[in-house]
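Asker: Take a look at this one; I'll ask things after.
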Amino acid sequence: MKYNFDTVHKRFNKGCKKWNELADNGVKEDEDIIPFSVADMEFVTAPEIVEALKYELDHNIMGYANPTREYLETVCQWMKKRHDWDTKPEWILPAHGVIDAFFEAVKIYTQEGEGVMLMTPVYYPMYHAVTNNNRVLVDCSLILKSSSYEIDFEDFEKKAADENTKLLILCSPHNPCGRVWTREELEKIGEICLKHHVLVVSDEIHFDLVMPGYKHIVFASLSDEIANNCIICTAPSKTFNLAGLQTSNIFIPNPELREKYLNALKRSNPNPKCNILGYSACEAAYKHCEQWLEEAISVIDTNRKLVVDFLSKEFPQIKVIELEATYLLWMDWRGMRIDGKELERINHEEAKLFFDEGYVFGAQGDGFERWNLACPTRYVKEALERMKETYKKYVG
């Protein structure tokens, strides 16, 4: 490999939530243990991005900045190259993060008391975007069949047809379930939402992190009609581990929806913009770091295979959901017949394993664990050995 995917920079006392969790549970800095929870990578930053940031610090002033024409065109070129999606620079609006964007969308395009659909279990801030803004959660539970999730389209259309349902937050690829929705599934979602006048806000932040054999389709690329009924939320943050630079690109092809979004945003922030270094990092990543991304995906896929093979052999009670995209492996531990809170205690206190607990993704996630695989492979191997040693007394 050209790039370094073996080094870890430990983030104790750096304000990093998942590393703080290690310290809170007695893990010492000199122990070679890392967390597998919150969805940022334990890979060092691509050197091309580091050099771009150094250049900015040496040659620029860290004042106010808006995206340049070159920046916007670079983002559009990435969309075309990686996703075969033709975009326009004027479609792009700034956001510090995708979470900010779908929170704003809920407030802008719906009223208090109106319904917002989620396909659950799902990324937990999406619940907060609904309930914290006094909207009604319209829960469309996904169906787990064998090792993958499916959409219950009968239930989906029934709930979309309710005149109080105004918006769908689509998670694509899906987190935590790891699904890459097929063209047929996305077209059906689009057709139902058009039929019943439900706006779609598509969180596609993991769209670059697709495993071999799968292809992500941007929701807005399906047709002009669907593009005019959606907002696409993207960012380089998951792809290149840049979340701390707070730079996202929100695409709104429909000019009326775009104007409404901008006007509403200006009421709370009269001059919305992102981080000046975030612009530089995103531009450098999209121009120069595609090979880094391919190598990162290869490491993640290697880690996936290690976990799947190990659990199949040592703990067949744990069912692994097929990972089609993201670096977040969704695992069904209910076959272990251990209460969720006790499972969390064993993992933390005995095995020194720190996952994201399934229950945070909704009631359908109780008894599941989410394993962040974006880390050096040796840490996955060591974690599996700790798991084997810990759980041998809990299974007969």
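Where a number appears in this text, it was derived from the coordinates with a stated rule and is not lab data. Nothing here was measured: the structure is a model prediction, and the numbers come from that model. In this analysis, Cβ positions are derived from the backbone assuming ideal geometry, glycine residues included, and neighbour counts consider all displayed protein chains.
Asker: How big is the dipole moment of the chain about its Cα centre under a simple scheme where the beta carbon of each Lys and Arg is +1, that of each Asp and Glu is -1, and everything else is neutral? Debye, nearest 20, please.
Answerer: Details: 47 positive and 63 negative charges, 75 e Å.
Roughly 360 debye, rounded to the nearest 20.
Asker: Given a Förster distance of 51 angstrom, what is the FRET efficiency for Lys107 paired with Asp30, based on the Cβ-Cβ distance and rounded to 0.05? Don't skip to the end; give the middle numbers.
Answerer: Details: r = 46 Å, r/R0 = 0.91.
That gives a FRET efficiency of 0.65.
Asker: Which residue, chosen from Ala374, Thr120, Ala23, occupies the Cα position most advanced towards the positive end of the dipole of the chain, where the dipole is computed from +1 (Lys, Arg) and -1 (Asp, Glu) charges on Cβ about the Cα centre?
Answerer: Ranked along the dipole, the leading option is Ala23.
Asker: Put a dot 7 Å past each Cα toward the Cβ at Gln77 and Lys388; how far apart are the dots in nm?
Answerer: 4.8 nm
Asker: A follow-up question, please. When Asp40, Asp6, Asp356 are ordered from fewest to most other Cβ atoms inside 10 Å of their Cβ, what list results?
Answerer: Values: Asp40 19, Asp6 13, Asp356 23.
By the 10 Å Cβ count, ascending, the order reads Asp6, Asp40, Asp356.
Asker: Met1 label point, 7 Å along Cα→Cβ, cut-off 18 Å on backbone N: hits in the stretch 300-317?
Answerer: 300-308
Asker: Would you mind getting me the FRET efficiency between Asn228 and Ala23? Use the beta-carbon distance for r and R0 = 56 Å, nearest 0.05.
Answerer: After rounding to 0.05, the efficiency reads 0.70.
Asker: Using the Cα centre as the reference, give the magnitude of the dipole from point charges on the C-beta atoms of the stretch 1-127 (Lys, Arg: +1; Asp, Glu: -1; all else neutral), rounded to the nearest 20 debye.
Answerer: Details: 14 positive and 22 negative charges, 32 e Å.
For the stretch 1-127, the charge dipole is close to 160 debye.
Asker: Residue by residue through the stretch 294-299, which ³J(HN,Hα) values in whole Hz follow from phi under the Karplus form 6.51 cos²θ - 1.76 cosθ + 1.60 (θ = phi - 60°), with glycine and proline marked x?
Answerer: Coupling constants for the stretch 294-299: 4, 5, 4, 4, 4, 5 Hz.
Asker: Sequence-distant or interchain residues sharing an amide H contact under 5 Å with Trp85, placed H: which?
Answerer: Excluding prolines and chain starts, which carry no amide H, the hits are Lys80.
Asker: Ok, one more. Calculate, in nm to one decimal, what Gln317 and His9 gain on full extension: separation in residues at 0.36 nm each, minus their alpha carbon distance.
Answerer: Values: separation 308, 0.36 × 308 = 110.88 nm, distance 3.39 nm.
My answer for the length gained is 107.5 nm.
Asker: For the chain, what does the relative contact order come out to in percent, with C-alpha contacts under 8 Å and a separation of six or more?
Answerer: Details: 698 pairs, mean separation 88.1, N = 396.
Reported as a whole number, the value is 22 percent.
Asker: If amide hydrogens are placed 1.01 Å from N in the peptide plane, which non-local residues have theirs closer than 5 Å to the one on Ser141?
Answerer: Thr120
Asker: Please list, in chain and number order, the residues 5+ apart from Thr165 or on another chain whose amide H is under 5 Å from its amide H, with Hs placed from the backbone.
Answerer: Here the answer is Gly115, since their amide H atoms fall under 5 Å of that of Thr165.
Asker: Under the Karplus relation 6.51 cos²θ - 1.76 cosθ + 1.60, θ = phi - 60°, what is the ordered set of whole-Hz ³J(HN,Hα) values for the stretch 164-179, x standing for Gly and Pro?
Answerer: 7, 7, 10, 8, 10, 9, 8, 9, 8, x, 7, 10, x, 6, x, 7
Asker: Moving on to the next point. If you average the sequence gap of Cα pairs under 8 Å that are 6 or more apart and divide by the length of the stretch 1-81, what percent do you get for the contact order?
Answerer: Working: 34 pairs, mean separation 22.0, N = 81.
It rounds to 27 percent for the stretch 1-81.
Asker: Continuing with this model, one more query. List the extent of the Cα atoms of the chain along each of their three principal axes, largest first, rounded to whole Å.
Answerer: That gives 61, 57, 36 Å along the principal axes, largest extent first.
Asker: Which length gain, in nm to one decimal place, applies between Ala363 and Tyr55 when the Cα-Cα distance is subtracted from 0.36 nm times their residue separation? Before the final figure, lay out the partial values.
Answerer: On the way: separation 308, 0.36 × 308 = 110.88 nm, distance 4.73 nm.
Stretched out fully, the Ala363 to Tyr55 stretch lengthens by 106.2 nm.
Asker: Moving on. For the chain, what is the calculated [θ] at 222 nm in deg cm²/dmol (nearest 500), taking -39500 (n - 2.57) for each run of four or more DSSP H residues and dividing by its residue count? List each step's numbers first, then the result.
Answerer: Details: 14 runs with 158 residues, N = 396.
About -12000 deg cm²/dmol.
Asker: Multiply the residue separation of Arg334 and Ala351 by 0.36 nm, subtract the distance between their alpha-carbon atoms, and state the gained length in nm to one decimal.
Answerer: Values: separation 17, 0.36 × 17 = 6.12 nm, distance 1.78 nm.
Length difference between fully extended and current span is 4.3 nm.
Asker: Considering only DSSP beta bridges whose two residues both sit in the chain, what percent are antiparallel, to the nearest 5? Please list the in-between numbers first.
Answerer: Working: 20 of 39 bridges.
Of the beta bridges lying entirely in the chain, close to 50 percent run antiparallel.
Asker: Could you go through the stretch 234-239 in sequence order and give the Karplus-derived ³J(HN,Hα) for each residue, using 6.51 cos²θ - 1.76 cosθ + 1.60 with θ = phi - 60°, rounded to whole Hz, and x for Gly and Pro?
Answerer: So the J values, rounded to whole Hz, are 10, 6, x, 5, 6, 4.
Asker: Now for a different question. Please figure out what share of the DSSP beta bridges in the stretch 62-288 is antiparallel and state it in percent, rounded to the nearest 5.
Answerer: Values: 10 of 29 bridges.
Roughly 35 percent of the DSSP beta bridges within the stretch 62-288 come out antiparallel.
Asker: Calculate, for Tyr214 and Lys260, the FRET efficiency according to 1/(1 + (r/R0)^6) with r their C-beta to C-beta distance and R0 35 Å; round to the nearest 0.05. Could the numbers behind the result be given before it?
Answerer: Numbers: r = 34 Å, r/R0 = 0.98.
Efficiency at R0 = 35 Å is approximately 0.55.
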